[in-house]
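Below is one structure; the comments refer to it alone.
The values are calculated or read from the model by the stated rules, or taken from the named source; none is laboratory data. Worth saying up front: this structure is predicted, and the values here are computed from it rather than measured. Every residue, glycine as well, gets a Cβ built from its backbone with ideal geometry; the counts of neighbours run over all protein chains shown. Just so you know, the surface numbers come from the protein's heavy atoms only, side chains and all, with ligands and any DNA or RNA stripped out. Shrake-Rupley method; radii C 1.70, N 1.55, O 1.52, S 1.80 Å.
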Amino acid sequence: MLENPRPNRKSPRLPGYDYAQAGTYFVTICTAQRLHLFGKIFSDEMVYSPLGKIAVQCWHDIPDHFPSVALDLFVIMPNHVHGLVTITEDHADVGTRYISSAQNTTNDIESKQRANGVKKLIKPQ
């Protein structure tokens, strides 16, 4: 079993809020033990590892598995993913804990300047 190096944290979820209702949500997904599994940053750009490329593809595949979910911008960093997802209909069968897939397609990548340097933001297909 993996040991959690962080103390127990308070849940960021609002008590009683139905996260299956329609709306746009900001999600963050971290790797186990915050290991740098998705790639490395070189010269202010993310260079994906094979697992990082799978993470990109998994993001793009979400609507294939959950048709009531639309994707917006997201960014994959060495040990986590940030993204915006929109649930388009109330109480859709989207699940609120686990989503995964792994298929190969190409991706559109757009660079965006941020205050702390250049990061890759990926537009959904």
Scanning the range 61-92 residue by residue, those over 19 Å from Gly23 (Cα atoms) and not charged (D, E, K, R) turn out to be Val75, Ile76, Met77, Pro78, Asn79, His80, Val81
Of all strands (runs of 3 or more DSSP E) fully inside the range 3-91, the set with 2 or more residues that are in contact with a Phe, Trp or Tyr (Cβ under 8 Å, 6 or more places away or on another chain) and among the basic types (Lys, Arg) is none
Looking across the range 23-40 at residues that are within 11 Å of Met77 (Cα to Cα) and under 12 Å from the mean Cα position of the chain (by Cα), the single one that is least open to solvent (accessible area, probe 1.4 Å) is Thr31
Flagged pairs (Cβ under 6 angstrom, 6 or more apart or on separate chains; first in the range 72-88, charged (D, E, K, R); second part of a strand (DSSP E or B) and surrounded by fewer than 20 Cβ atoms within 10 Å (Cβ to Cβ)) are Asp72/Leu84
Residue set Ala92, Ala115; condition modelled with pLDDT under 95 and exposed (fewer than 14 other Cβ atoms within 10 Å of the Cβ); output residue Ala115
- Query: Does Ile54 count as under 17 Å from Cys30 (Cα atoms), of a type in the set (Val, Ile, Thr) and open to solvent by 20 Å² or more (accessible area, probe 1.4 Å)?
  - Reply: yes
